[in-house]
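The values are calculated or read from the model by the stated rules, or taken from the named source; none is laboratory data. Please read all numbers here as calculations on a predicted model, not as lab measurements. Cβ: placed from backbone, ideal geometry, glycine included. Neighbour counts: every protein chain shown. For the accessible areas, the whole protein counts, side chains as well, though only heavy atoms, and no ligand, DNA or RNA atoms are used. Shrake-Rupley method; radii C 1.70, N 1.55, O 1.52, S 1.80 Å.
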Amino acid sequence: MSQSSAEADVHSTLGLETEQYPLVTFALFAYNQQEFVERAVAGALSQTYPSLEVILSDDCSPDGTFERLAAAAAAYRGPHRVLVRRNEINLGLSGHVQMIGEIAQGRILVVAAGDDVSQADRVSKLVDRYRADPAASLVYSDVRTFRTDAELPTTSNTTSTKQYADIITLTRYVNGEWFPVAGASASYDLRLFREFPPIPKNAIYEDSILLFRALLLGHVARLNEPLVWYRSHTGQVTNVHTGNAREDLGKRKRLASAAVVVALQQLRDQLAVRSLCQSEHKWRLRKFLLKRYWFYRAQDAAYHWPWPLGIALLPLLFAFRGRAKAALGLREIASFTLPDWLYLALMERRAKQRAR
């Protein structure tokens, strides 16, 4: 037992890795999800890929999540090595992902949330794509969304990305193309953790940091089929459309601060990749990252400066927006150019009108 976590190797199979089947780590990240975690664990343990390490990790949940993880792992009698663990303090999602990235034994890390369900062939199909595409550093798939367990067997609501490219490159990223990478369905080359500085605990958008690292080392590949059942709910950290205007505004402010952390980390990660030192794209990429960083710095300041000082930052936001222009919708502009009381009153009035 370490100072930061408690863990138990409840089921172990030695000699799993072969040349044909490299060892893969499937990590399930859980926090306060006791109602859903057993189905998520079942999806993890049902994987047909033969060389698999499954880590069931709880981020110090105050409910019964860890106990249910431990019980499901203890009852497992299959071929996979299973490690069940619990952080002694809450690390948040980014800190949690970083810790697992450090202890994972596999070459690839497949991630899952404690309330999402993976299809049994998910890992096998992801590994097949890595095998066919050695330059891929991140592979993700489409997802099917659901809100209640009753929808799981029947829903056909697929979050599809058919209209987007199957390959994301650094050049396309810098050119401003937008790619809806589903972090809930992602898998990562473990080099994204081992060849870069630790992910900041307050980043929130840890998948954005890992996406950029994947582009620095290779490219990102998409599987155009749903391999994960993804639970959509208002409690998600990045969901700013919960129906509660005050809660949404608080989330916007928190996410604006987190975006600054991510943009700064991307600048640092670029410097960590020596292969880019002589690249003709080096300075173009640096300019792109600096513009994004100053956009998010200005947006964060606009949210936190006393009204009406934030209005003075609008010219900077439009000057630096670049790929971040999607963050400058009318609602976003209103949220930091109006005093909080007026913005909340307008949002509540709009919600009442929609409810009629």
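Couple of notes before you dig in:
- A 1.4 Å probe run over region 293-356, with the rest of the protein chains in place, finds 63 Å² accessible per residue.
- If you take all other residues with their beta carbon under 11 Å from the beta carbon of Gln33, and give Lys and Arg +1 and Asp and Glu -1, the sum is -4.
- Charge tally for Gln266 (other residues, Cβ to Cβ under 11 Å; Lys, Arg +1; Asp, Glu -1): +3.
- Here each label is just a point 7 Å from Cα along the line to Cβ, and for Leu264 and Ala334 those points are 3.2 nm apart.
- Approximate spin-label separation His304-Glu195, in nm, with each point projected 7 Å along Cα-to-Cβ: 3.4
- The modelled label-to-label distance for the pair Ala319/Asp128, using points 7 Å beyond Cα in the direction of Cβ, is 5.2 nm.
- For the pair region 258-274 and region 38-108, the centres of their Cα atoms are 28 angstrom apart.
- Here the Karplus relation 6.51 cos²θ - 1.76 cosθ + 1.60, evaluated at θ = phi - 60°, turns the backbone of region 130-145 into coupling constants of 4, 5, 7, 9, x, 7, 6, 10, 8, 10, 9, 10, 5, 9, 9, 9 Hz, with x for every Gly and Pro.
- Around the amide H of Ser118, modelled in the peptide plane, lie the amide H atoms of Gly43, Ala44, Trp229, all under 5 Å away and 5 or more residues distant in sequence or on another chain.
- Each of the peptides 72-79, 208-215 was scored by the mean count of other Cβ atoms within 10 Å over its residues; in descending order, highest first, they stand as 208-215, 72-79.
- Amide H contacts of Ile55: Phe26, Ala27, Leu28, Leu83, each under 5 Å away and 5 or more positions distant or on a separate chain (H built 1.01 Å from N in the peptide plane; Pro and chain starts excluded).
- Remark: region 80-85, residue by residue, has Karplus-estimated 3J(HN,Hα) of 7, 7, 10, 10, 10, 8 Hz, where x stands for each Gly or Pro and the curve is 6.51 cos²θ - 1.76 cosθ + 1.60 at θ = phi - 60°.
- Each residue of region 40-49 was assigned a 3J(HN,Hα) from its phi angle through the Karplus expression (A = 6.51, B = -1.76, C = 1.60, θ = phi - 60°), giving 5, 5, 4, x, 5, 6, 7, 4, 7, 5 Hz with x at Gly and Pro.
- Heavy atoms of Thr25: accessible area, 1.4 Å probe, square angstrom to 10: 0
- Amide H contacts of Val143 (H built 1.01 Å from N, under 5 Å, at least 5 apart or other chain): Thr159
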